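The values are calculated or read from the model by the stated rules, or taken from the named source; none is laboratory data. Since we're looking at a predicted model, the values are computed, not measured. Positions of Cβ are backbone-derived with ideal geometry, glycine not excepted, and every protein chain shown enters the neighbour counts. Quick note on the areas: whole protein, heavy atoms, side chains included, nothing else; ligands and nucleic acids left out. Shrake-Rupley method; radii C 1.70, N 1.55, O 1.52, S 1.80 Å.
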Amino acid sequence: MLDSTPLLSELEPTAATLLERHLATSKEWFPHELVPWSRGRDFDEGYEWSADDVDLPPEVRSALFVNLLTEDNLPYYFRTIERMFGADSVWGTWARRWTAEEGRHSIVIRDYLTVTRAIDPVHLERARMAQVECGEVPEPETAQDGFAYVALQELATRIAHHNTGKLLTDKAGYDVMKKVASDENRHYLFYRDMVSAALEVDPSGMVVAIERQVRNFEMPGTGIIDYEVHAKAIAKAAIYDFGIHHDQILVPVVLRHWGIEQLEGLDADAEEARAALVQRIGRIGKAGRRFAARRDEAKQKELAAV
Ligand SMILES: [Fe+2]
Ligand SMILES: [Fe+2]
């Protein structure tokens, strides 16, 4: 595996081109314009939130909770990105621009949730304090791992935000999530194409890194209170699950876009990693289909019982 420093300097011109493309396709937007302020009111002294405040399935609440807390963890994601790619040159410019864009996501989602009372504001704030105080985020070891991880993660986040939005019957909520998802999409495109370029410079190193990141991949959320419970709810609502991970990320991006199976000239370690990766993707696909079938069955039973 190539050292991070020569890899990053070799990829600097690509990063500059992709940053330019990113900026050219960015459209300025303002959180305040998306929040339905007229629906807000003061929280009276002694206010206690109740799930009846808003008619929302608990799974959607779970998704909003996890999505927002992940956005709130931005200081640590910034630290990871800056550590991996550096603060100088185009890498630093990208990391800071990315950070500024990500900051908008927690602003708009929190304002929306506070105004609409979709989530208990006290529980949310306590969870935010706990999450940020714990400061836990994935720490990919190498630049290669970093590229692979962030590409997968930005796309996963885009999918989760978008699917959450689709389950909000509220048009304002849908628009908030759609806007955030469109930012995540542009972040994903930057990293997806960065990975393609890195595969040309260091194919073996990248394949080993991609295999490692797919093997260890988890939706961002470690350190969130009751994360496991929420992750289950999110999967139950088909907001994010193995099937989506397989069908919308691993197959179209890892296998097709990056063309992992067609790469030539890999060293022995990378050949081994590629075989393991392709096998794993197959297994994840199977698990996804099993899970979806069980979920459909349970839904049918629920409907039949009504
Ligand atoms: Fe974000
Ligand atoms: Fe993002």
Checklist outcome for this item: extent check for the stretch 60-184: Cα max minus min per principal axis, descending, whole Å, gives 42, 29, 20
Checklist outcome for this item: From most to least accessible, 1.4 Å probe, no ligand or DNA/RNA atoms counted, 183, 52 line up as 52, 183
Next on the checklist: Need the C-alpha centroid separation for the stretch 251-284 versus the stretch 151-206, integer Å.
Outcome noted: 21
Checklist entry - According to a simple spin-label model (label point 7 Å from Cα along Cα-to-Cβ), what is the distance in nm between residue 83 and residue 289? => result 4.0
Checklist outcome for this item: Taking only the Cα positions of the chain, the convex hull volume per residue in Å³ is 134
Checklist entry - Against the longest principal axis of the chain, how steep is helix 203-216, in degrees 0 to 90 to the nearest 10, with axes from Cα atoms? => result 30
Next on the checklist: How large is the translational diffusion coefficient of the stretch 1-113 in µm² per second when you combine the Kirkwood radius over alpha carbon pairs with Stokes-Einstein at 10 °C and 1.306 mPa s?
Outcome noted: 92
Checklist entry - Setting aside same-chain residues fewer than 8 positions from residue 171, which lysines have a Cα under 17 Å from its Cα? => result 179
Item to check | residue 5 accessible area, 1.4 Å probe, all protein chains in place, Å² to nearest 10 | outcome: 110
Next on the checklist: Along the charge dipole of the chain, pointing to its positive end and built from +1/-1 on Cβ of Lys, Arg, Asp and Glu, which listed residue (49, 121, 303) has its Cα farthest out?
Outcome noted: 303
Checklist entry - Heavy-atom accessible area of residue 234 with all protein chains present, probe 1.4 Å, nearest 10 Å²? => result 20
Checklist entry - When Lys and Arg each count +1 and Asp and Glu each count -1, what net charge do the other residues less than 13 Å away from residue 166, Cβ to Cβ, add up to? => result 0
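How do the peptides 126-136, 190-200 rank, highest first, by the average count of neighbouring beta carbon atoms within 10 Å per residue?
Working: 126-136: 14.7, 190-200: 19.6.
Descending packing order for the listed peptides: 190-200, 126-136.
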Item to check | Under 29 Å from the Cα of residue 301 - lysines, other chains or at least 8 residues apart | outcome: 166, 232, 236, 286
Checklist outcome for this item: The farthest towards the positive end of the charge dipole of the chain, of the residues 66, 173, 157, given +1 on Cβ of Lys and Arg and -1 on Cβ of Asp and Glu, is 173
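More than 17 Å apart: what percent of Cα pairs in the stretch 1-67 qualify?
Details: 1621 of 2211 pairs.
Here the tail beyond 17 Å accounts for 73 percent of pairs.
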Next on the checklist: If I compute solvent accessible area with a 1.4 Å probe over the protein chains, what percent of it on the chain is carbon and sulfur?
Outcome noted: 52
Checklist outcome for this item: So the compactness index of the stretch 215-306, its C-alpha Rg divided by 2.2 N^0.38 Å, takes the value 1.36
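Please state the charge dipole magnitude for the stretch 1-145, taken about the Cα centre, from unit charges on C-beta atoms (+1 on K and R, -1 on D and E), reported in debye and rounded to the nearest 20.
Working: 14 positive and 28 negative charges, 77 e Å.
Computed about the Cα centre, the dipole is about 360 debye.
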Checklist entry - Straight-line reach from residue 178: which aspartates and glutamates have Cα under 19 Å away, leaving out those fewer than 8 places along the same chain? => result 28, 33, 59, 71, 72, 101, 102, 111, 154, 170
Checklist entry - How would 179, 299 line up by accessible area, probe 1.4 Å, largest first? => result 299, 179
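Could you give me D for the stretch 170-225, from Stokes-Einstein at 10 °C and 1.306 mPa s, where the hydrodynamic radius is the Kirkwood radius over C-alpha pairs? Units µm² s⁻¹, please.
115
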Checklist entry - ³J(HN,Hα) across the stretch 7-14 via Karplus (A = 6.51, B = -1.76, C = 1.60, θ = phi - 60°), whole Hz, x for Gly/Pro? => result 4, 5, 6, 5, 8, 4, x, 5
Checklist entry - How far, in degrees from 0 to 90, does helix 143-167 lean away from the longest principal axis of the Cα atoms of the chain, to the nearest 10? => result 30
Checklist entry - When the Kirkwood radius is taken over all Cα pairs of the stretch 102-149, what Stokes-Einstein diffusion coefficient follows at 25 °C and 0.890 mPa s, in µm²/s? => result 189
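What accessible area per residue comes out for the stretch 155-228, rounded to a whole number of Å², with a 1.4 Å probe? Intermediate values should be presented prior to the final figure.
Details: 2590 Å² over 74 residues.
I get 35 Å² per residue for the stretch 155-228.
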